[in-house]
Amino acid sequence: MSESIETKKQIFEFIHGRFPQAEIGDSDDIFALGFVNSLFAMELVMFIEKTFGITVPNDELKIDNFRTVELMADLVGRQQVLA
């Protein structure tokens, strides 16, 4: 399984753990769908940092990096390359 697919899988599992009723695809905007509030947004950042062993720099803490599973996986990939 490719690293990107595994990253997406782990992100999906985290979201589904909190919102079992959520039926989302790679490119569905979880903010627009109403699944994310400010507390869950912070939990997402902490989950991504801990799970993937990265630190999300301040300039990457933009809502647009966390709107979709695909964008979050891209963010993880970028930060892992820099690590």
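Exposure check, 1.4 Å probe, all protein chains in place: residue 19 carries approximately 40 Å² of accessible surface. Membrane-span-like helices of the chain, defined as complete DSSP H segments with a Cα extent of 15 Å or more along the helix axis and a mean Kyte hydropathy of at least -0.5, are identified as 38-52, 69-82. For trypsin sites (Lys or Arg not before Pro), the sites in region 15-82 that DSSP calls loop and that have at most 15 other Cβ atoms within 10 Å are 62. Counting pairs of Cα atoms in the chain, how many percent are more than 23 Å apart? So the pairs more than 23 Å apart make up 12 percent of the total in the chain. Here the extension length gained between residue 22 and residue 43 equals 5.9 nm, from 0.36 nm per residue of separation less the Cα-Cα distance. Taking all protein chains together, 26, 59 sort by accessible area into 59, 26, largest first [probe 1.4 Å].
For the chain, the relative contact order comes to 40 percent (Cα pairs under 8 Å, sequence separation of at least 6).
The values are calculated or read from the model by the stated rules, or taken from the named source; none is laboratory data. Remember, predicted model here, so these are calculated numbers, not experimental data. As a convention, Cβ positions derive from the backbone with ideal geometry for all residues, glycine included, and neighbour counts pool all protein chains shown. Heads up: the accessible areas ignore ligands, DNA and RNA and are worked out on the full protein's heavy atoms, side chains in. Shrake-Rupley method; radii C 1.70, N 1.55, O 1.52, S 1.80 Å.
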